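Engineer: Here's a structure for you.
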Amino acid sequence: MKRITPTYQDQYLTVEDLACLLGVATRTIYKWRYYGTGPRATKLPTGAVRYSIRDVQDWIDRGQEPNDRA
């Protein structure tokens with residue numbers, strides 16, 4: 001299981017960063033967000049989507065498997 005070092009837990013990832021970290025396509029991250037099966041996302045006032053590393057780690061630790069319906 002992947003583990004993120006504590007030094008970075010208060011930082012945020014872009015969709016591209018998260019996709020690279022998890023080894024999936026960015027489209028998969030967007031699908032997970034749409035279906036509510038991925039890690040919790042934060043939408044910034046600019047409209048950009050970011051993922052807290054802490055939330056991503058919690059999601060990984062829970063072992064959630066996304067339901068890719070497409």
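The values are calculated or read from the model by the stated rules, or taken from the named source; none is laboratory data. Note that the coordinates shown come from a computational prediction; the quantities given were computed from them, not determined experimentally. All Cβ positions, even for glycine, are placed from backbone atoms using ideal geometry, and neighbour counts span all protein chains on display.
Engineer: Among the residues of region 32-70, write down those that are of a type in the set (A, V, I, L, M, F, W, C) and either modelled with pLDDT under 90 or not in a helix (DSSP H, G or I) (or both).
Structural biologist: 41, 44, 48, 49, 70
Engineer: Among the residues of region 9-28 satisfying the criterion of being closer than 15 Å to residue 57 by Cα and either in contact with a Leu (Cβ under 6 Å, 6 or more places away or on another chain) or in contact (Cβ under 8 Å) with a residue 40 or more places away in the chain (or both), which is surrounded by the most Cβ atoms within 10 Å (Cβ to Cβ)?
Structural biologist: Top of the filtered list is 13.
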